[in-house]
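Okay, structure first, notes after.
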Amino acid sequence: WRHIACGKLQLDRGLAWLYFDLFHSLLYRDPPCRLEWAEAEAACADAEELERERSKAGAHTLQFLLFLYLQQIYKVSLRRSLIGEEWPSPRTKSPSLTGKFAGENKNWNDQDHCAFVQSHLLEMLELLLEPEQLTAASHPTRSSLVSYEAVCALSFLIEGTVNKSSTVHPLHELALWQPCHRQNGYSKVSKTFSFTKLKSWLRACLTTNPFGMTACLKSGKKLAWAQQVEGTTRRAKIACNTRVVPEVCPMVIMSQVYKQTLAKSSNTLMGAHVRIHRCDESFIYLLSSLRSVTIEKCRNSTFVLGPVQASVHVHSCDNVKVIVVCHRLSLSSTTGCTFYILTPTQPLILSGNQAVSFAPFHTHYPMLEDHMAQVGLATLPNYWDSPMLVCKESGDTSVFRLLPPSDFYTFVIPFEMEGDTMETPGGLPHAYQKALSQREQKIQIWQKMVKEASLTKDQRKQFQMLVENKFYKWLVQTGNRQQLDSLVPPVVGSKQAAG
């Protein structure tokens, strides 16, 4: 792949590795293996040794081909835009979290995913054919045969059930089911499938993901993690599809949380795909090991996440803070956002970002290191300060900055839990630790000065009132008053859904 990407396609070596690593991380999730990989990479003394270590990684060729082909799912049709047709077409629209149509956002649209596979199925099957099954013009014939290995590769994208049962099987297992042989043209002798019949069978059976975002909102369990009262909280929608999904990663969707503090650490979240949408002026703590997280169209909010096994993607957000240990972070179309991260991969800055700040991960909670081990994340290597620009502004490093140590403060998670983690995993970089120590020293000097001032009892009382009033004004001006007020436990007896 490196030879083809760099030599033939003229891709930058870092970008070539990015594509490979993205695919590799989708398939190889075993936590012990991930930790071994991280340890080996952290031990590399220079770029050459790192390159040799990365060369040991492998991937299934046909599946990797499909992964690369899928990258065009977000490509805009210039022909349609020129002749005025709406893109995507109205047929592929589906209701968004707000009840409106969201055809423009393919990331949230299950119907778009299905429509893409349906319309590009021919090309994907052609990619998987052996060379001898193609004509001189690289097209299949009516007699072309698809190998069993190729159908196994398609299982990377497609799975399903028999007679709408609750058990989900990969595509290659379904294809070998005896009653399906006549439709998909499977031959037990050659162990191959008829290209024409297989294509027709797949087209006839393909449907949208019944466990996706749309289904989660329609039939998922509604979670009342916050007090659902009149006013600011009544719009909040939180749903989970744990009850309707069989043995696959659950999905949790949070939408329109406004001026609230939500905190959860539970089995409902463990290994879940979390989608956070249109939250404003809120503080959200999800303190469990997660599979992936998408944060979209949120404003003026802080998100504190447990370790994320795959990726955290932030899109169209303004003035949000994200505090997380994750395998990968990517961001697009964000403005004024700050990311406190620990990650073994370079953060990806896609298009449309402004005033992005990166800082080292700076907090902890008692179960953090246990949760990191569950998803295979270590403290080294840590590339929080080495973002990669993957966009038209690739040469413009002014879109991001490293947070100055003078603006850096630690973050305290205000909840009690059982666990052994007592400090930030991996510690802080020297410059940031030095800034904190200097600030602590100033506080100690001030406290000593107050103690040695020999104030009378009335003077101490008056001084205390002045300090408290100043502190209260600061809380109001910075918005921290709202966060403190929202941490007050709900009244006993208020309805809270478990999970």
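Details
- Neighbour cut-off at most 12 other Cβ (10 Å), DSSP loop, GluC sites (Glu not before Pro), segment 438-480: E452
- Cross-link pairs beyond the 23 Å C-alpha cut-off, checked among K222/K321; K259/K473; K164/K191; K164/K264: K222/K321; K164/K191; K164/K264
- A crude spin-label estimate for the pair E149 and Y69, with each label 7 Å from Cα along the Cβ direction, gives 1.6 nm.
- When all protein chains stay in place and ligands, DNA and RNA are ignored, the 1.4 Å accessible-area order of L286, L176, largest first, is L176, L286.
- Given a 1.4 Å probe and the protein chains as shown, R299 ends up with an accessible area of around 110 Å².
- When all protein chains stay in place and ligands, DNA and RNA are ignored, the 1.4 Å accessible-area order of R328, R54, largest first, is R54, R328.
- Averaged over residues, the count of other Cβ atoms within 10 Å places the peptides 337-343, 134-140, 265-271 in the sequence 337-343, 265-271, 134-140, highest first.
- Heavy-atom accessible area, probed at 1.4 angstrom with all protein chains present, ranks Y365, Y186 as Y186, Y365, highest first.
- Dipole check for segment 435-474: with +1 at the C-beta of Lys and Arg, -1 at the C-beta of Asp and Glu, and the Cα centre as origin, the magnitude is about 40 Debye.
- Sequence ranges 190-197, 476-483, ranked by mean other-Cβ count within 10 angstrom, highest first: 190-197, 476-483
- Computed accessible area, I238, all protein chains, 1.4 angstrom probe, square angstrom: 10
- Assuming charge only on the beta carbon of Lys and Arg (+1) and of Asp and Glu (-1), the dipole of segment 217-428 about its Cα centre is about 1060 debye to the nearest 20.
- Taken along its three principal axes, the alpha carbon spread of segment 217-428 comes to 46, 37, 33 Å, from the longest extent down to the shortest.
- Here the mean projected area of the convex hull built on the C-alpha positions of segment 238-315 is 4.6 nm².
The values are calculated or read from the model by the stated rules, or taken from the named source; none is laboratory data. Because the structure is predicted, anything quoted here is derived from the model rather than measured. We place every Cβ from the backbone using ideal geometry, glycine too, and count neighbours over all the protein chains shown. The protein model used for the area step is the full one, side chains on, heavy atoms only, and it has no ligands, DNA or RNA in it. Shrake-Rupley method; radii C 1.70, N 1.55, O 1.52, S 1.80 Å.
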